[in-house]
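**Student:** Could you have a look at this structure, given as structure tokens, before my questions?
No value in this document is a laboratory result; all are computed from the given coordinates. Source: prediction; values computed, not measured. Here Cβ is always computed from backbone atoms with ideal geometry, including for glycine, and neighbour counts include all displayed protein chains.
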Amino acid sequence: MKKILAMLLALIMVLSLVACGSETAEPTTATTPAQTNTNTETNTNTETNTETEEGQVYNIRVAGGSAYRCETLVAAAEALNAQLAAEGSKDTVTVEWIEVDSMDDSLVIWAQEGNMPEILQNSASIKYYEAGYTVNAAYVVEDEAYTADLLPGVADMMKYGDGEYIGVPLDTEFRGFMIYKPALVQLGWTDAEIETWKNDMRAGKLTLDDFQEVAKQIVDAGICEYGLTHRPNKGADWRYIFVSFAGGQVPLNEENVVTVSQKHVENYLGFFRECVELGITPYNGLTDFNWDMLEGDIWPNGKTFAWVNNISTKGDCMKASGVTSEYWDETFFSIPIPVTEVGETPACGANPHAWMLTTASQSSEKMAEYCRRLLDTVLLPEFQVTISVESGHVAITKSVLEHPTYAADRWLSDIEWATPYLFTTNTTNPSLSLYGHSQELYDALQEAELEALDPSRSIEEIAADCIAKMTFNMDDGTFIIVD
């Protein structure tokens, strides 16, 4: 049934794609796009045809659900207009934010009504590109503004194929382990020993077993109630942690087919079962915990030595518990998910957001140019610092990494080590979501943890059952079982 529904959604998205363009008014919701003036022959936003004594007005509409991201693009338009004026141009660029609740639903309606916005703000999504809603963003990503300033590996997370990019990098995060430093101090470690341990974890010189040993010492000493906790529900963490238990390798072969490994799944489930058996992870973390407990108390107050985290945890915990940024910087540091074997390359899952250019962004040569220049402008440090520091995201440019405001946030600036290890599964293969981010995997994890102290089923059995259910939902030919 899930497969049928997914196929129907994809069919609807493709069949409903029509030429787009319109004039919009106020921001709208996902299911009620603004009124349209459809022009399917020219596929232009009618605002681009507004001529005044001062030149032509190009209204670029950005659709997204994150206010701080979209409002930054609105501010970037003012800077772009200053650039145009300095060049002697009489053109004006305006940005209109259309707020959405569901991008999938909105895209179908916009396409049907010929009212497609020019830019989408969203997690980098391969499905919008494959459905034809968005276009190749290479002409922006390969522009000098991006090639000169983006940190290594950032652009690759947008790459779809040879010379194809599904979007323009907006921001990103990482998923690793957060460490409560005072626990190590109370265990008797010196600052030098803590730094060595931290750096060895980041370099792949220490493993999951080494981590478990330290976490157990801390719990047994009564320093922390828990050694390792995690999110209380489904989410991107599981998809990225999953890859870490395969030596940091995204499970795809040379033909871009998903490789399903029984051993891979066993490693993943077995680690968390071991943590419960060792008494460092609560067996009921997925059933009895919630975000308020974790972000408001357990994490910021050091009731757990470590937890699997998203980079935005800092801001979330500050809001939920009232701790200060300075306290956070003094108290916590991050490591990647430790490697399984010494010498493996640490991996840090990322959920990159993108500016995705729709077909409407290419309605004219000038519209395409101003979309590019707008996205070039939003890459400037004054805008990127706002996106990174206020929302708690990794710097994606060299200029932000060196910016005093970013450097002053010691927690953020300390994550520079993670950038070379960032990876995403979003742009690689749509079948990966069914493999590494499925309800079946989440259910298997919950089963492994709940039954850890009374193992009525073996990890091998749970993993095999999980794989059978996951592959049932995956289209034939999109995966192979390798062991």
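**Student:** Using 0.36 nm times the number of residues separating Gln362 and Arg457, minus their current alpha carbon distance, what extension gain do you get?
**Tutor:** Additional length available on full extension: 28.6 nm.
**Student:** Taking the number of other C-beta atoms within 10 Å as the exposure measure, put Met474, Met356 in order starting with the fewest.
**Tutor:** Met474, Met356
**Student:** Oh, and also: Compute the angle between helix 459-473 and the longest alpha-carbon principal axis of the chain, please, reported from 0 to 90 degrees and rounded to the nearest 10.
**Tutor:** That works out to roughly 20 degrees.
**Student:** Which GluC sites (Glu not before Pro) in the stretch 370-457 sit in a loop by DSSP (not H, G, I, E or B) and have at most 16 other Cβ atoms within 10 Å of their own Cβ?
**Tutor:** Those satisfying the criteria are Glu402.
**Student:** Inverting the mean 1/r over all pairs of different Cα atoms, compute the Kirkwood radius of the stretch 288-389 and quote it in Å.
**Tutor:** Taking the inverse mean of 1/r over all distinct Cα pairs, the stretch 288-389 comes out at 17.4 Å.
**Student:** With 10 angstrom as the radius, rank Thr287, Thr419, Thr425 by how many other C-beta atoms surround their C-beta, starting from the fewest.
**Tutor:** Thr287, Thr419, Thr425
**Student:** Considering only DSSP beta bridges where both residues belong to the chain, give the percentage that are antiparallel (nearest 5).
**Tutor:** Given both bridge residues lie in the chain, the antiparallel proportion sits at roughly 60 percent.
**Student:** Further question: If the viscosity is 0.890 mPa s and the temperature 25 °C, what Stokes-Einstein diffusion coefficient in µm²/s follows for the stretch 264-348 when Rh is the Kirkwood radius over Cα pairs?
**Tutor:** Roughly 168 µm²/s, to the nearest whole number.
**Student:** Do the alpha carbons of any pairs in Lys216/Lys314; Lys319/Lys469; Lys216/Lys469; Lys181/Lys263 sit beyond 31 Å of each other, and which pairs?
**Tutor:** Lys319/Lys469; Lys216/Lys469; Lys181/Lys263
**Student:** Calculate how steeply helix 381-391 sits against the longest principal axis of the alpha-carbon atoms of the chain, using the helix alpha-carbon long axis, and give the answer as 0 to 90 degrees to the nearest 10.
**Tutor:** The helix 381-391 is inclined about 40 degrees to the chain.
**Student:** What are the semi-axes of the equivalent ellipsoid for the stretch 188-245, taken as the square roots of 5 times the Cα gyration tensor eigenvalues, largest first, in whole Å?
**Tutor:** Each semi-axis is the square root of five times an eigenvalue, giving 23, 17, 9 Å.
**Student:** Report the GluC sites (Glu not before Pro) located in the stretch 116-156 that are in a DSSP loop and have at most 16 other Cβ atoms inside 10 Å of their Cβ, or state none.
**Tutor:** Glu142
**Student:** With 10 angstrom as the radius, rank Arg410, Arg175 by how many other C-beta atoms surround their C-beta, starting from the fewest.
**Tutor:** Least crowded to most crowded, the residues run Arg410, Arg175.
**Student:** Mind pulling the angle between the C-alpha long axis of helix 2-15 and the longest principal axis of the chain? Nearest 10 degrees, somewhere in 0 to 90.
**Tutor:** Between helix and principal axis, roughly 20 degrees.
**Student:** How long is the gain from Asp162 to Glu87 if the chain were fully straight, where each residue apart is worth 0.36 nm and the alpha carbon distance is subtracted?
**Tutor:** 23.5 nm
**Student:** Next question, about the same structure. Restricted to Cα positions, what overall size does the stretch 208-281 have along the principal axes? Three whole-Å values, descending.
**Tutor:** Here the Cα extents, ordered largest to smallest, are 51, 24, 16 Å.
**Student:** Then there is this: Please tell me the relative contact order of the chain in percent, rounded to the nearest whole number, where contacts are Cα pairs under 8 Å and at least six residues apart.
**Tutor:** 23 percent
**Student:** Go through the stretch 281-358 and name the GluC sites (Glu not before Pro) that are in a DSSP coil and have 13 or fewer other Cβ atoms within 10 Å of their Cβ.
**Tutor:** Glu341
**Student:** Follow-up question, since we're still on this one. Would you kindly state how much longer the chain becomes between Val57 and Gln186 on full extension, computed as 0.36 nm times their sequence separation minus their alpha carbon distance, in nm to one decimal?
**Tutor:** Between Val57 and Gln186, full extension yields an extra 40.2 nm.
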